[in-house]
Amino acid sequence: MANQNSASFLSRLRQWLTAAMALLGSALLAGCGGSGGGDGEVVKTLTIASIAYPYQGKQVFNGLNGVVIQQGWLKEQLAKKGVELVFTPVSTAVGGPLINEGFSGKRIDFASYGDFPAAIAVAGGVPLKIVAPVGQGQDVYIVARKGLAAKSLADLKGKRIALHRGRPWELPFSKLVDSSGLKLDDFKIVNINPSATPAALESGSVDAAVLLSDGLLVEQKGIGHVIWSTRDAPADWKMRAELFGRADFVDAHPDLTQLVVDAFVRAAAWSSDEANKAEVIRKAARGALPEDIVAKDYANSGIPWRERFSPVFNPAVLAHYRSVADYALERGLIRKKVDADALIDERFVDKALKDLKLEQFWAHDGGGQG
């Protein structure tokens, strides 16, 4: 009966997600006036997609996207060229697939999103470039449900673990499994969206879950307890998100791409200033998590504040995407090998750092994470 109920729940969840993706996809495709990005084509609209959250009756962009919008510099610079700037909000529930759809249809030009979905897009024939890192990565947490006497991954062997497959946090979990001498088959993986995970933990439908900073919120509410985090792992285990651009647009419009990267580097410099730390945390929490959870997640990471938002291409970035490409292929998430080296396009960040006189602002060794 438990298996039937679980199958029924997952079936309903898949139906809901499919409907949500179709609805949001239609909104994205109708609302994005992407340039197309062909050679010689006049660009009238430059579109950037990113995760957004409902807050006080509207969709808000957190992180560097929110800072870019707040500063208004990019909008002003593009307007001088007769180009309108559009930020397209995407729900966390369907972020990766929806952004990939926008890239594929050339309806978005840039997006801040995670490593796995981007690898899936590239493997599927959508040419992308990482034009700027957006920091040093985000921690991933494993949370065991309340009442379960588990202290390590080994204690979860044979247990039901909620893991939203194909999302960026699957890679660090897989690395932990491998480094522990275990296999994914040693666990009963339940493919559940993170938004449904707290209820599944509380009801006992799953025994543990792989989450981002919302894992700390689950712990705070007494639903479960954190038994592992990437804060105790190598730096390239963290979940990463970058500023990706469509390769055809980037190559056809390097001047516009440079403005976009300049804006994100400006936003990174502002966010990296200790004087702005409280405001950065406050805005990161809008519509997403309580401020104390965001602050705790930042503090636990061991990354110095100055380095957290670094846009510098350090060796960990390439190492991370090589790992993503290898893992996605080995696990059958993609059928074609992704050339991680070809993803990296450092020229715009290099120029931005030089023009903005920020060449020495961030450490270039990717420091901060032991």
> How long is the gain from Glu330 to Gln59 if the chain were fully straight, where each residue apart is worth 0.36 nm and the alpha carbon distance is subtracted?
Replying inline: 93.8 nm
>> Suppose we keep just the alpha-carbon trace of the range 124-179; what are its Rg and Dmax in angstrom?
In response: 15.5, 47
>> Can you tell me which of Glu101, Glu346, Glu274 moves the most in a GNM of the chain? Springs connect C-alpha atoms under 10 Å apart.
In response: Glu274
> Extent of the range 250-363 along each principal axis, from alpha carbon coordinates, in Å, largest to smallest?
Replying inline: 44, 36, 27
> Longest span of the chain, sites excluded, free of trypsin sites (Lys or Arg not before Pro) in DSSP loop with at most 14 other C-beta atoms within 10 Å?
Replying inline: 222-330
> How big is the shadow of the Cα convex hull of the range 272-324, averaged over all directions, in nm²?
Replying inline: 4.6 nm²
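Computed over the Cα atoms of the chain, what is the ratio Rg over Rh, Rh following Kirkwood?
That ratio is 0.95, to two decimals.
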>> Please check: in the Gaussian network model of the chain (C-alpha springs, under 10 Å), which one of Asp109, Asp273, Asp207 has the largest mean-square fluctuation.
In response: Asp273
>> Helix 315-330 against the longest principal axis of the chain: what's the angle in degrees, Cα atoms only, rounded to the nearest 10?
In response: 60 degrees
>> Please give me the summed charge of the neighbours of Ala267: other residues whose Cβ is under 12 Å from its Cβ, Lys and Arg +1, Asp and Glu -1.
In response: 0
>> Can you give me the long-range amide H partners of Leu128? Hydrogens built in the peptide plane at 1.01 Å from N, cutoff under 5 Å, separation of 5 or more residues or another chain.
In response: Ala247
>> Using a Förster radius of 30 Å, what is the FRET efficiency between Ser195 and Lys337 based on their Cβ-Cβ separation? Nearest 0.05, please.
In response: 0.40
> Extent of the range 172-230 along each principal axis, from alpha carbon coordinates, in Å, largest to smallest?
Replying inline: 32, 22, 16
> Most fluctuating residue of Ala209, Ala233, Ala267 in a GNM of the chain with Cα springs under 10 Å: which is it?
Replying inline: Ala233
> Gain in length, Glu359 to Glu346, computed as 0.36 nm per residue apart minus the alpha-carbon separation, to one decimal in nm?
Replying inline: 3.3 nm
> Roughly speaking, what is the centre-to-centre gap between the range 63-138 and the range 276-322 when only Cα atoms are used, to the nearest Å?
Replying inline: 18 Å
>> For a distance above 23 Å, tell me the whole-number percent of Cα pairs in the range 115-260 that qualify.
In response: 42 percent
> What are the residues whose amide H is under 5 Å from the amide H of Leu243, where those residues sit 5 or more places off or on another chain and H is modelled from the backbone?
Replying inline: Val131, Ala132, Val134
>> If the reach is capped at under 12 angstrom between alpha carbons, list the aspartates and glutamates near Lys146, excluding any in the same chain fewer than eight residues apart.
In response: Glu202, Asp207, Glu219
> Given Lys283/Lys354; Lys80/Lys106; Lys44/Lys129; Lys151/Lys221; Lys106/Lys354; Lys81/Lys106, which pairs have Cα atoms separated by over 26 Å?
Replying inline: Lys283/Lys354; Lys106/Lys354
> Which of rounded, prolate, oblate describes the range 71-132, given a ≥ b ≥ c as roots of the alpha-carbon gyration tensor eigenvalues and a/c under 1.5 marking rounded, otherwise prolate only if a/b is larger than b/c?
Replying inline: prolate
> What are the residues whose amide H is under 5 Å from the amide H of Thr88, where those residues sit 5 or more places off or on another chain and H is modelled from the backbone?
Replying inline: Ile48, Ala49, Ser50
>> At 7 Å along Cα-to-Cβ for each site, give me the label-to-label distance between Asp178 and Lys81 in nm.
In response: 4.0 nm
> If you line up the long axis of helix 291-300 against the longest principal axis of the chain, both from Cα atoms, how many degrees apart are they, to the nearest 10?
Replying inline: 90 degrees
>> Given the -39500 (n - 2.57) contribution per DSSP H run of 4+ residues, what per-residue ellipticity at 222 nm results for the chain, rounded to the nearest 500 deg cm²/dmol?
In response: -13000 deg cm²/dmol
>> On C-alpha positions alone, give me the angle between the axis of helix 95-104 and the longest principal axis of the chain, in degrees, nearest 10.
In response: 40 degrees
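Only the coordinates and a few stated rules stand behind these numbers; no lab work does. No experiment lies behind these values; they were computed from the predicted model shown. FYI the Cβ positions are ideal-geometry reconstructions off the backbone, even for glycines, and counts take in every protein chain you see.
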